[in-house]
Amino acid sequence: GDSVTQMEGPVTLSEEAFLTINCTYTATGYPSLFWYVQYPGEGLQLLLKATKADDKGSNKGFEATYRKETTSFHLEKGSVQVSDSAVYFCALRVNTGGFKTIFGAGTRLFVKA
Amino acid sequence: EPEVTQTPSHQVTQMGQEVILRCVPISNHLYFYWYRQILGQKVEFLVSFYNNEISEKSEIFDDQFSVERPDGSNFTLKIRSTKLEDSAMYFCASRKERGEMNEQFFGPGTRLTVL
């Protein structure tokens with residue numbers, strides 16, 4: 001079935017370091033891909049999305065490119081801040097049936113000052 | 001900006017009790033969802049709802065669970081007889097219509113604690 005695999009955390013970085021969180025997916029058809037962020041004690045916020053191959057989603061300095069050939073959607077940011085500390089979820093949406101969203105396990109990011 | 005709202009933010013209940021979690025989706029949305037997140041784990045799909053009926057449900061969504069849209073604005077999740085393992089954050093989401101470009105908007109969640 002459809003699934004998302006993302007790198008295990010926690011990831012600990014110093015402020016201004018480069019961030020990569022790997023995400024790969026398995027899906028039939030052509031899913032849309034997403035990154036959601038969950039700050040401590042809060043709900044899910046959409047960070048960025050891409051709906052077709054080679055699309056690049058970007059927001060708040062984060063970006064991810066939909067790579068169909070490698071079935072990947074890795075999240076990157078050139079210079080992280082302490083305020084980026086959160087859990088990041090890679091997700092895909094099946095564009096059939098009930099259009100449910102399937103989430104990865106989440107990667108916790110800690111950014112030290 | 002319109003948003004999905006959920007009440008209560010935190011619900012504490014005794015094992016075996018019924019709970020109803022409430023959601024108000026964005027007003028012109030047609031597709032509604034419930035997801036749950038057990039503490040420290042991933043977000044899991046429970047059920048999707050469209051045109052007043054369930055369009056898809058996961059294996060988690062057993063006979064103890066039901067959903068309802070009792071009026072034009074609310075979307076509820078009922079757990080008939082709660083178990084300890086039902087303790088989780090429950091997220092409601094809504095979506096406007098079919099099509100790849102339509103976003104799924106999540107509510108802030110209701111934390112359910114079963115004692």
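General observations
- Flag for A:C23 being within 11 Å of chain B (Cβ to nearest Cβ) and either more than 28 Å from B:C92 (Cβ to Cβ) or in contact (Cβ under 8 Å) with a residue 12 or more places away in the chain (or both): no
- None of A:K68, A:K100, A:K52, A:K56 is modelled with pLDDT of 95 or more and either within 14 Å of chain B (Cβ to nearest Cβ) or more than 20 Å from B:K96 (Cβ to Cβ) (or both) except A:K56.
- Residue ID - modelled with the highest pLDDT, chosen from residues in region A:5-21 that are buried (at least 16 other Cβ atoms within 10 Å of the Cβ) and over 14 Å from A:K77 (Cα atoms): A:Q6
- Note on region A:1-44: enclosed strands (runs of 3 or more DSSP E) holding 1 or more residues that are closer than 14 Å to A:V80 by Cβ and not polar (S, T, N, Q) are A:11-14, A:19-21, A:32-38.
- Search result, residues across region B:24-39 that are assigned to a strand (DSSP E or B) and within 12 Å of chain A (Cβ to nearest Cβ): B:Y31, B:F32, B:Y33, B:W34, B:Y35, B:R36, B:Q37
- Criterion: closer than 28 Å to A:V4 by Cα, outside any strand (DSSP E or B) and more than 14 Å from every other protein chain (Cβ to nearest Cβ) - qualifying residue of B:D71, B:D62: B:D62
- Residue within region B:47-58 that is assigned to a loop (DSSP other than H, G, I, E, B) and hydrophobic (A, V, I, L, M, F, W, C) present: no
- Residue in region B:77-91 that is in contact with a Ser or Thr (Cβ under 7 Å, 6 or more places away or on another chain), within 16 Å of B:V24 (Cα to Cα) and surrounded by fewer than 20 Cβ atoms within 10 Å (Cβ to Cβ) present: yes
The values are calculated or read from the model by the stated rules, or taken from the named source; none is laboratory data. Because the structure is predicted, anything quoted here is derived from the model rather than measured. Neighbour counts run over all protein chains shown; Cβ positions are idealised from the backbone, glycine included.
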